[in-house]
Amino acid sequence: MSSQQNSGAAIDTRRLTKFYGATPALRGVDLQLETGQIVGLVGANGCGKTTLLKILAGVISEYSGDATILGLKPSVATKARVAFLSDANLVPARMKVTDALSLYEDFFADFDRRLADELITQLGLSPSQRGSEMSKGMREKLRLALIMGRRADIYLLDEPMGGIDPAAREAILRTIIGNDPDGSLVVVSTHQVSDVEQVLDRAVIMKQGVITHNITLDELREQYGIGLDGFLRQVY
């Protein structure tokens, strides 16, 4: 990879490119994002959203171009400051909610157990519940509580509301909104824009491995006269 460039942005990618075999997932992605905002990373399934987040989270290390998180190449050092919600199952079937909280408390120095306990209560989960006793919506809520229970600088949330019921989606949105973004950056990846538009400050729109728009929702409304969901349905 080429030398890193530091713009001072919390997230900074330059010419970021990733292939899976002969198939391009990212094609020269340039992206700069500052802290203090909630950003929607939106686009159809397969457009490159998850690959981009995994590179930023340090899960994928084979790529070309540059990527920095808080001025550093994605690494063990950045993982300590970035909370990544992936599609991985974080809770084994036999593990209780309280055990999962204790595990995160031991593993992450920035984990706020009091905050996480509050989130568990707000999301309607019981500390004694086991993974095997949870619905998909419950598991999604627990995953989010574990991630948002960290006092991280950057939160990368990959499809936090995929395939769950409307009531669970509302609870998850309240949790995301409740995270004060003044000193942090929250990036929410989704292809279901109507679910998250109300909480977003900015949208990064992807299509076929490239970013086509990086725009605040106010700018989008001023330029096109419609919101993000309407823009994607009618214009994009």
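Quick notes on this one:
- Positive-end residue, the stretch 35-151 charge dipole about Cα centroid, Cβ charges, pick of A77, S102, V91: V91
- In whole percents, the pair-distance distribution calculated for the chain from its alpha-carbon pairs, binned every 5 Å from zero, is 1, 7, 14, 18, 19, 16, 13, 8, 3, 1, 0.
- Here is the size of the stretch 1-141 from its Cα atoms: Rg then Dmax, 17.6, 49 Å.
- Helix axis angle, 113-122 relative to the chain longest principal axis, alpha carbon, degrees: 90 degrees
- Folded to 0 to 90 degrees: helix 166-178 orientation relative to the chain principal axis, Cα: 80 degrees
- Assigned charges on the beta-carbon of Lys, Arg, Asp, Glu; the chain dipole about Cα centre (debye): 680 debye
- When the residues S184, S194, S126 are ordered by accessible surface, computed with a 1.4 Å probe over the protein chains alone, the sequence from largest down reads S194, S126, S184.
- Restricting the calculation to alpha carbons of the stretch 142-217 gives Rg and Dmax of 12.6, 33 angstrom.
- Within the accessible area of the chain (1.4 Å probe), percent carbon and sulfur: 47 percent
- Positive-pole candidate from H191, I177, G230, dipole of the stretch 160-232, charges at beta carbon: H191
- For the stretch 73-181, the C-alpha radius of gyration sits at 1.00 times the compact-globule guess of 2.2 N^0.38 Å, with N the residue count.
- Think of a 1.4 Å ball rolled over the protein heavy atoms: the chain then has 46 Å² of accessible area per residue.
- Relative contact order for the chain: 27 percent, from Cα pairs under 8 Å spaced at least 6 residues apart, divided by residue count.
- Accessible surface, 1.4 Å probe, highest first, among residues D87, D158: D87, D158
- Accessible surface of E118 - all protein chains present, 1.4 Å probe, nearest 10 Å²: 90 Å²
The values are calculated or read from the model by the stated rules, or taken from the named source; none is laboratory data. Computed from a predicted model, the values in this text were never measured in an experiment. Backbone-built Cβ (ideal geometry, glycine too); neighbour counts: all protein chains shown. Side chains included, ligands, DNA and RNA excluded: accessible areas come from the protein's heavy atoms. Shrake-Rupley method; radii C 1.70, N 1.55, O 1.52, S 1.80 Å.
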